[in-house]
Amino acid sequence: MRILYFISIILLSFNLMAQKPGIVTDSIICKHDKSQTYAVYLPSNYTEDKKWPIVYFFEPAARGKVPVQLYAEVAEELGYILACTNNSRNGSYDNSFKAADAIFVDTESRFSIDNSRIILSGFSGGSRLALSIAVITKAAYGVIGVGAAQPTVPHYMVLDRKNFKYAGLVGARDMNYLEHKTFQSLLNALSMDNLLLVSNLKHNWATPSDFRIALLWMQMVERPNDPGKFYEALYSKITVEKDSIPLSDLIYMDELTMEKPLINEKDKNTKKLLREESKIINKEQGMVKAIQDSIASAFNLNSSNNRSLNWLLKKVGQIKNLKEKSSSLYEIMMYDRVLNYMSAACYETGLSMKARGLIKQALIGIAIWEAVTENRVYANWLKARVYAQDKNTTLAIQHLEAALQSGKIQKTTIFRESDFIHLHEQQLFKDLIESYYN
């Protein structure tokens, strides 16, 4: 596995500049493997005369520019290089390791990097990958995990480094919120420095302000006698967001060497909030288990599927109704997490079934995803692709037309979609395209 290059870092010392500092460059071609590219940002005052800390990102959909652009201002302020591969995505770990190796080797040959201050970060599946690489290489001094925590491969979850730092950033409405809390408990048990920062987001990249706090926290843990900037950023955040999320759920900072605790868990009101959250989490775990069982049954190739599908569709309506009636912010966020879990699980499984040519199961996944998101346009687009794959021209055209009625789909997008290639010469398809684009 060439990812071992990252450990040894026996590389050439020259730095070949291919982009301008202070500007996000979205596609640097790796010199040793031209099939691999990455986005990068260098602070405007970057020079080769000093060593710079770097954050390597892993984006679940291989959109390298997304995190680099999002956090460029933070990097400019704090003096970090940012880099994100355009080749790593959710799926094969081997492909992602190859992409990681490529970006590590290339950035080491181009830029003046402080190898003692390498941070890995990622969102969702990219977050799991970042931690996996940190465990394998033992070269990063910290990980900032966004929207997911634990790797799917148990072997990559082993952490035996006392000086390792982990910052988790997750939305209180994110389906992986409980995973982050569980992982925090594990890190606490291992006496490892960790931060859990909770925002009001669903399943998204963290805000720049949250990411800034994570970087400042790592600096504070590294230099505990100089925490000034961290406290300033932290309390500024609380001032802004204290009315939108209960303080006890805004940020958890266990096992930190801080001068003053952010949350007083002995406070009467805080205890009440934590008890309320604990009850709701127990309720959530029961709901998710029942939903997981029904999802497994709905996609089972050897069952009729209809009963489980109907139960899940009914459950979506029930949860939305309960959310509408609830006056508890904790409970509302819990219902959001459950709905987000159903949406993500069924969407990903549905597309996986489509890739295997399992049309019925693919449509089940789309149906549940549509019920949760109420995104009729994209649901019809997906159904059109599934029916086109199944060579059902009539239903493919029917759902494609329903999607086109929104006016949001470009003609080039349709013709680039491989599922529709065999329809191009069909008269129904030609008539549809002509009616909307000519």
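Since every read-out is calculated from the coordinates, none of them should be taken as a lab result. Values in this document were obtained by computation on a predicted structure and should not be read as measured data. Here Cβ is always computed from backbone atoms with ideal geometry, including for glycine, and neighbour counts include all displayed protein chains.
Which three extents, in whole angstrom, do the alpha-carbon atoms of the range 174-220 cover along their principal axes, largest first?
Taking max minus min along each principal axis of the Cα atoms, the range 174-220 gives 28, 28, 11 Å.
Roughly how compact is the range 268-373, stated as its Cα Rg over 2.2 N^0.38 Å to two decimals? Display every interim value, and only then the final one.
On the way: Rg = 15.6 Å, N = 106, 2.2 N^0.38 = 12.9 Å.
Cα Rg divided by the expected 2.2 N^0.38 Å: 1.21.
Along the Cα→Cβ direction, 7 angstrom out, place labels at TRP311 and VAL153. What is the inter-label distance in nm?
3.4
Can you tell me the Rg and Dmax of the range 385-438, counting just the alpha carbons, in angstroms?
Gyration radius and largest Cα-Cα distance of the range 385-438: 10.0, 28 Å.
Sort TYR80, TYR38 so the one with the fewest other Cβ atoms within 10 Å of its own Cβ comes first.
Lowest to highest Cβ neighbour count: TYR80, TYR38.
Using the alpha-carbon centroid of each, what span in Å lies between the range 333-387 and the range 111-147?
31
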